[in-house]
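Written below as structure tokens is the structure these notes are about.
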Amino acid sequence: MTDYPHLLAPLDLGFTTLRNRVLMGSMHTGLEERGDWARVAEFYAARARGGAGLIVTGGMAPNQEGGVFPGAAGLFTPEDIANHRRVTERVHEEGGRIAMQILHAGRYAYGPDCVSASAVKSPISPFTPRALDEEGILKQIADFASAAERAREAGYDGVEVMGSEGYFLNQFLVRHVNRREDDWGGPYENRMRLPLEVVRAVRRAVGEDFILIYRISVIDLVPDGSTFDEVVRLAQAMETAGVDILNSGIGWHEARIPTIATSVPRAAFAWVTQKLMGKVSVPVIASNRINSPEMAEKLLAEGACDMVSMARPFLADADFVAKAAAGRAAEIAPCIACNQACLDHTFSGKVSTCLVNPRACYETEMPVVPAAEAKRIAVVGAGPAGLSAAITAAGRGHRVVLFDKAQAIGGQLNMARRIPGKEEFDGLIDWYATELKALGVEERLGVEVRAAELAGFDEVVIATGVTPRDPQIPGQDRPNVLSYIDVLEGGAEVGARVAIVGAGGIGFDMAEFLTTGESPTLDPEEWRREWGVADPEAARGGLAPEGPRPAPPLRQVTLLQRKAERPGKRLGKTTGWIHRAVLKMKRVSMRSGVNYERIDADGLHVSHGEGRERPELIEADTIVLCAGQVPNTALADELRVAGIEAHVIGGADRAGELDAKRAILQGTKLGLAL
Ligand code: FAD
Ligand code: NAP
Ligand code: SF4
């Protein structure tokens, strides 16, 4: 008997049956463009072996003008087809099924040759698209059909036609972009002509016994988006046109409402997909922020959908389904929806991987090889660096003892998890705890390790993290000054008016912590009110007419930095805008280019510019120092003096630009090498 009867139930599509209700959603890996097909094949093969019911590839361009960026991968030549065949063969060898996504970016294509319904530039692209003429539109349809035909030739089991997220087909559907007055614009009947013609042409090209998924935008989250009546009309027309499955797309890329970040409540948009249930007879897939088998099972059991799409969870753990099926769900490495190593990498032109699982997309470069001899290894520090080193080494057969002076594992993740919207870190710490037990790592908590205790181990790993940087502001020893650790770990009292010194990742988190009460991430209704999400049946595109209505801030906060640049400029590529928007909603005053002169009972005295001009008092009851971190090398230094060799990783090695991603990568690499 399984805990997940709905999730593991097969899905009968008539001409074929999928082994379960889990779709691995489309993700761009960046490997295809690098021509690294052995890696692509192993990446997907691992997910097929791990039990995904149906895999959808990253988006493949149907033609040059539709590529997300110049040179984006597509199935253009016989060589491309041969490369893709390597992927499909490996997936089939592992018992999996794989569909190729056809992605035409339209005006989101990052190049001067981009095309769309009308010459309306997107706010997230510098390029104004060329409005297609009739001949141009027919060419695009034909290109979709040939891409699908080639996908079949390459051995794929199906294709997904990307019609959501504000891409090309979505652009024709709404007046937001489609200003045409010919047969492809104007009334909805005309605006939906292009996606429908594409699907009809694809169906004709591939025949009846080939999976055809259409990704439909169920809630656009942009002004002038589709009404829900229009969504239903399109869904029904798609069914008639021959799609086998409808997958949900949530929000355009230019939407100013987060849709997949960690602060978005789990399964936040499944209720929209549920509205389609019963309106069509083909299976409907729910998507976005579903990252556990429990949640997936619940959605299926409640009838919110027929299948569940999870994309990033398959980066975090290729064996998601296999572990759930084997009753080992607690061992699934959780996707914490941080975007730090997946989407942020994609948007920086790097290969996608995963903060939690740095082997994602590096399966062939970071193989796990059992240790030739089992060594006795001491790991000091149970933050992400030490934890990943410990479990990786133990997984290879070493005997590992893990020390931490704290009573609990997790290191700074224990502070991160207290920030509203970062609750997913709880699950990550739980997962490490499960792994430590499963792998037999001996835990010695509450022990501040000194060099003498480390003699006798075959290898010593120092992962003692960081200490806060001392900003040396006159008056900082006053009782009205706290460090981020006092606030987040010590629960120190904070006054009504606060000045935060330092606007890095921790300064931003602190401002969110001090201005927010109950986390909206744990209260979906409040979260929708905060961001202005409405029922698309009541409001076009799902945008609340009254706009965002955030709860008032708990405190009056000023966030300061010395650099003259815009605060938050260096935050995550795909999530920085969310943090900036939240602080704006919480009326946090952000100040750049300041010098910290002194602190007294009235608050923080600053001046401006290199000449230390315009003295100013930031009135504050409490000043919180978030001025960065420096390596904690106390133990490493002691070992050096004692002549004990050690591997130093994570913050203890280098504190500059340290985050959990780097700590885990370094710990994992060391764990593989010991
Ligand atoms: P740490 O996590 O600092 O762990 C070091 C451990 O060593 C501690 O548990 C400590 O008790 C132990 N230790 C030290 N000396 C000894 C000794 N002598 N004996 C025994 N034990 C010892 N990063 C991200 O990537 N994404 C985020 O969203 C994010 N948010 C954050 C939010 C906040 C509020 C904070 C504070 C940090 C956040 N970070 C985030 C940063 C991330 O947590 C750190 O980069 C990461 O934890 C560093 O890992 P580490 O293992 O090197 O060190
Ligand atoms: P940080 O991001 O490096 O920011 C440090 C801040 O302190 C900066 O604003 C800096 O700005 C200021 N500062 C530096 N030296 C100072 C000095 N001598 N006096 C006064 N101010 C000084 O570091 P952090 O905020 O401590 O975060 C630590 C790490 O955790 C970072 O690497 C970060 O990436 C990671 N983290 C990540 C996230 C995330 O969401 N991904 C969240 C939290 C933390 P000025 O020099 O301009 O004053
Ligand atoms: Fe999930 Fe973060 Fe890994 Fe991306 S990097 S897959 S969001 S845990």
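The values are calculated or read from the model by the stated rules, or taken from the named source; none is laboratory data. All figures in this text were calculated on a predicted structure; none of them were measured in a lab. In this analysis, Cβ positions are derived from the backbone assuming ideal geometry, glycine residues included, and neighbour counts consider all displayed protein chains. These accessible areas exclude ligands, DNA and RNA; they are computed on the full protein's heavy atoms, side chains included. Shrake-Rupley method; radii C 1.70, N 1.55, O 1.52, S 1.80 Å.
Some observations on this one:
Every residue, every condition in (1) open to solvent by less than 20 Å² (accessible area, probe 1.4 Å); (2) within 15 Å of ligand 2 (Cβ to nearest atom); (3) in contact with a helix residue (DSSP H, G or I) (Cβ under 7 Å, 6 or more places away or on another chain), yes or no:
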residue	(1), (2), (3)
555	no, no, yes
562	no, yes, no
565	no, yes, no
578	yes, yes, no
582	yes, yes, yes
601	no, no, no
606	yes, yes, no
609	no, yes, no
618	yes, yes, no
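- Unmet requirement for residue 410, which otherwise passes all of (1) within 30 Å of residue 367 (Cα to Cα); (2) not assigned by TED's automatic domain parsing to the domain that holds residue 661: (2)
- Pairing residues of the range 516-540 that are without any contact (Cβ under 8 Å) to a residue 24 or more places away in the chain with residues that are in a helix (DSSP H, G or I) and open to solvent by less than 50 Å² (accessible area, probe 1.4 Å), at Cβ distances under 6 Å and at least 6 apart in sequence or on separate chains, gives 534/542.
- Selection count where residues are in contact with a strand residue (DSSP E or B) (Cβ under 7 Å, 6 or more places away or on another chain) and within 14 Å of ligand 2 (Cβ to nearest atom), scope the range 471-501: 13
- Only residues that are open to solvent by less than 40 Å² (accessible area, probe 1.4 Å) and within 16 Å of ligand 3 (Cβ to nearest atom) were counted in the range 663-674, giving 4.
- Residue match in the range 361-373 (condition: within 15 Å of ligand 1 (Cβ to nearest atom) and modelled with pLDDT of 95 or more): no
- Answer from 285, 290 - the residue that is among the aliphatic types (A, V, I, L, M), over 29 Å from residue 663 (Cα atoms), more than 16 Å from ligand 1 (Cβ to nearest atom) and open to solvent by less than 10 Å² (accessible area, probe 1.4 Å): 285
- Within the range 136-178, the only residue that satisfies the criterion of being out of contact with any strand residue (DSSP E or B) (no Cβ under 7 Å at 6 or more places or on another chain), of a type in the set (S, T, N, Q), open to solvent by less than 30 Å² (accessible area, probe 1.4 Å) and within 20 Å of residue 242 (Cβ to Cβ) is 140.
- Which numbered condition residue 344 fails, given (1) acidic (Asp, Glu); (2) within 27 Å of residue 265 (Cβ to Cβ); (3) assigned to a loop (DSSP other than H, G, I, E, B): (3)
- Selection status of residue 566, closer than 30 Å to residue 350 by Cα and under 28 Å from the mean Cα position of the chain (by Cα): yes
- Scanning the range 527-552 for residues that are under 26 Å from the mean Cα position of the chain (by Cα) and either assigned to a loop (DSSP other than H, G, I, E, B) or aliphatic (A, V, I, L, M) (or both) gives 532, 533, 534, 535, 536, 543, 544, 547, 548, 549, 550, 551.
- Lone qualifier among 485, 506 - being under 24 Å from residue 633 (Cα atoms), within 26 Å of the chain's Cα centre (by Cα) and open to solvent by 10 Å² or more (accessible area, probe 1.4 Å): 506
- Looking at 380, 369, just one residue is of a type in the set (A, V, I, L, M, F, W, C) and surrounded by fewer than 24 Cβ atoms within 10 Å (Cβ to Cβ), and that residue is 369.
- Qualifying residue in the range 29-40 (condition: within 22 Å of the chain's Cα centre (by Cα), part of a loop (DSSP other than H, G, I, E, B) and within 25 Å of residue 300 (Cα to Cα)): no
- Residue count for the range 179-195 satisfying the condition of being outside any loop (DSSP other than H, G, I, E, B), surrounded by fewer than 21 Cβ atoms within 10 Å (Cβ to Cβ) and not aromatic (Phe, Trp, Tyr): 3.
- Condition check for residue 444: surrounded by 14 or more Cβ atoms within 10 Å (Cβ to Cβ) and either free of Cβ contacts under 8 Å to residues at least 40 places away in the same chain or more than 30 Å from residue 339 (Cα to Cα) (or both): yes
- The listed residue being closer than 28 Å to residue 315 by Cα and open to solvent by less than 10 Å² (accessible area, probe 1.4 Å), out of 61, 73, 117: 61
- In the condition set (1) in contact with a helix residue (DSSP H, G or I) (Cβ under 7 Å, 6 or more places away or on another chain); (2) closer than 16 Å to residue 194 by Cα, residue 136 is compliant with all but (1).
- Check on residue 454, surrounded by 15 or more Cβ atoms within 10 Å (Cβ to Cβ) and within 16 Å of ligand 2 (Cβ to nearest atom): no
- Restricting the first member to the range 5-29 and to residues that are over 23 Å from residue 354 (Cβ atoms), and the second to residues that are open to solvent by 50 Å² or more (accessible area, probe 1.4 Å) and among the β-branched types (Val, Ile, Thr), the beta-carbon pairs closer than 9 Å and six or more apart or on different chains are 10/17; 11/17.
- Residue within the range 406-422 that is more than 11 Å from ligand 1 (Cβ to nearest atom), surrounded by 24 or more Cβ atoms within 10 Å (Cβ to Cβ) and not basic (Lys, Arg) present: no
Let's see how each residue does on (1) in contact (Cβ under 8 Å) with a residue 60 or more places away in the chain; (2) within 25 Å of residue 199 (Cβ to Cβ); (3) of a type in the set (Val, Ile, Thr):
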| site | (1), (2), (3) |
| --- | --- |
| 78 | no, no, no |
| 91 | no, yes, yes |
| 126 | no, no, no |
| 149 | no, yes, no |
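- As a summary of the residue check, residue 643 satisfies the conditions (1) farther than 30 Å from residue 421 by Cβ; (2) at pLDDT 95 or above; (3) more than 30 Å from the chain's Cα centre (by Cα) except for the one numbered (2).
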